[in-house]
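Report on one structure; see the data block that follows.
Nothing in this text is a laboratory measurement; each read-out follows from the coordinates by a stated rule. Only a predicted model underlies this, so the values are computations on that prediction, with no experimental measurement involved. Glycine gets a Cβ as well: all are built from the backbone with ideal geometry, and neighbour counts include every protein chain shown.
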Amino acid sequence: MCGIVGFLNKTQNSNAPVGKTVLTMLTALGVRGPDSAGVALYHPPENGAFTLQIKLGELDGAAERGTSIAEGVKAFGSVHEVKTTAEYLRLVIDLRGEAIPLTQFIESLDEDIEVVSMGRELEIVKQVGTPQNLDETHSVSTFRGTHGLGHTRLSTESRVDLSHSQPFWAHNYPDLAIVHNGHITNYHKLRCIYEQRGVRFYTENDSEVIGVYLADQLSQGLGFKEALDASLTDLDGSFSYLAATTDYIGFAKDPFAFKPLLFTETDDFVAVATEEIAIRAAFGDGSEVREAQAKDVSVWQT
């Protein structure tokens, strides 16, 4: 049982209080998942630079790992920012070349290191604990941007740690993130197929495969909505998930409609959540909230 939320500011205001809004919605869903919380937030691009959020692993030795990363990435571009907060190293870099060699280099330095997110607009932070704990550590409520996703988790199958928490970044596909509530019952089959193609998986969480799947579909030339539509056939199980890129945010709900998902849309915003209480907590009672139906796919351009 997990809680997922999504928010899009439709007013073309790139300085909207996205972090505060997503955090308010997540906090209202806190009872659905006390194990961990996380957000995927989108801000205006910083002159084309890439922002990376990197998990350094155990705190013992994290400083040394962070120093090694900061020095090594200079070979890949001009580094504008290096900042460490808790288990994370945040890097802003003008990247020369492709993204994959950079992430591969970073993760080759130590088995505990993981690039949690990479993009021109995307930043993911997540950790064990409540949404309030996440805000106390990473000041999520101060983040300003255009749109975002959030997740609060109750673990039912896999470990409780930072890596197994959500949102998930679609590794090596910049700016694509997902949050998911439910079960992907053909996860092991899909994982085997992708691993035979050389895709690395970082967790035993079935939700991770959704990001891998969408990245694969988009890389083959499908549009964002087409990829979400295709997932209703290619993913088995009971699920509701949200996905976002720099240009789109949207959701898909499985053919059985076992997992709840509600949304509202006004001239100013779109909000999606597992429960209505999350939307009301952030926006009050002034808008109509509808429940997504079986096989529903909805997409909004940012």
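Considering amide H positions built from the backbone, and no H for Pro or chain starts, which residues 5 or more places from residue 296, or on another chain, come under 5 Å of its amide H?
For residue 296, the qualifying residues are 253.
Where nothing but the Cβ of Lys and Arg (+1) and of Asp and Glu (-1) is charged, how large is the charge dipole of the range 45-120 around its Cα centre, in debye to the nearest 20?
400 debye
What order, most packed first, do the peptides 252-259, 79-86 have when packing is the mean number of other Cβ atoms within 10 Å of each residue?
252-259, 79-86
Under the definition of Cα pairs under 8 Å and six or more residues apart, what whole-number percent is the relative contact order of the chain?
That works out to 25 percent.
With axes computed from alpha carbons, what is the tilt in degrees of helix 224-234 against the longest principal axis of the chain, rounded to the nearest 10 within 0 to 90?
Once rounded, the angle reads 80 degrees.
Farthest toward the dipole's positive end in the chain, which of 68, 287, 113, given Cβ charges of +1 (Lys, Arg) and -1 (Asp, Glu) about the Cα centre?
287
State the extension gain, in nm to one decimal, for the chain segment bounded by residue 238 and residue 287, taking 0.36 nm per residue of separation less the distance between their alpha-carbons.
Difference between extended and current length: 14.8 nm.
Karplus couplings for the range 133-143 from phi (6.51 cos²θ - 1.76 cosθ + 1.60, θ = phi - 60°), rounded to Hz, Gly and Pro as x?
5, 4, 5, 4, 7, 10, 6, 4, 5, 8, 5
Helix 18-28 versus the longest principal axis of the chain: what angle, 0 to 90°, nearest 10, using Cα atoms?
The two axes meet at around 60 degrees.
If the cut-off is a Cα-Cα distance under 29 Å, which lysines reach residue 259, setting aside same-chain residues fewer than 8 apart in sequence?
The reachable lysines, counting only those whose Cα sits under 29 Å from residue 259, are 10, 20, 126, 189, 225, 295.
Put +1 on the Cβ of each Lys and Arg and -1 on the Cβ of each Asp and Glu in the range 194-302; which of 298, 246, 262 then has its Cα farthest toward the positive end of the dipole?
246
Work out Dmax and Rg for the range 181-265 from the C-alpha atoms and quote the Rg first, both in angstrom.
12.8, 41
Give a quick list of chymotrypsin sites (Phe, Trp or Tyr not before Pro) in the range 100-203 that DSSP marks as loop, anything other than H, G, I, E or B, with at most 14 other Cβ atoms within 10 Å. Write down the numbers at each step before the final one.
Working: sites: 105, 143, 168, 169, 187, 194, 201, 202; in loops: 143, 201, 202.
Within the range 100-203, the qualifying chymotrypsin sites (Phe, Trp or Tyr not before Pro) (loop, at most 14 other Cβ atoms within 10 Å) are 201.
Post the alpha-carbon centroid distance, the range 230-302 to the range 159-224, in whole angstrom.
Result: 19 Å between the Cα centres.
Report the full-extension gain for the segment residue 58 to residue 75: residue separation times 0.36 nm, less the Cα-Cα distance, to one decimal in nm.
Here the answer is 3.5 nm.
For the chain, with only Lys/Arg (+1) and Asp/Glu (-1) charged at the beta-carbon, what is the dipole magnitude about the Cα centre, in debye rounded to 20?
280 debye
Which of the peptides 290-296, 117-123 is most tightly packed, and how do the rest follow, going by the mean number of other Cβ atoms within 10 Å of each residue? Can you show the working numbers first?
Numbers: 290-296: 13.9, 117-123: 24.7.
So the peptides 290-296, 117-123, ranked by packing, come out 117-123, 290-296.
List, in order, the whole-Hz ³J(HN,Hα) value for each residue of the range 39-47 obtained from phi through the Karplus relation with A = 6.51, B = -1.76, C = 1.60 and θ = phi - 60°; use x for Gly and Pro.
9, 10, 10, 10, 10, x, x, 9, 6
Quote to one decimal, in nm, the extra length available between residue 133 and residue 94 on full extension: 0.36 nm per residue of separation minus the C-alpha distance between them.
Gain on extension, residue 133 to residue 94, equals 10.9 nm.
Within 10 Å, count the other beta carbons around each residue, average over each peptide in 56-63, 130-137, and list them highest first.
The peptides rank, most packed first, as 130-137, 56-63.
Quick one: angle between helix 62-72 and the longest Cα principal axis of the chain, in degrees between 0 and 90, rounded to 10, please.
Between the helix axis and the principal axis of the chain, the angle is about 70 degrees.
Apply the Karplus curve 6.51 cos²θ - 1.76 cosθ + 1.60, θ = phi - 60°, to the phi angles in the range 235-251 and return the couplings in whole Hz, x for Gly and Pro.
With coefficients 6.51, -1.76 and 1.60, one gets 9, 9, x, 10, 7, 10, 9, 10, 9, 8, 10, 5, 9, 9, 9, x, 9 Hz.
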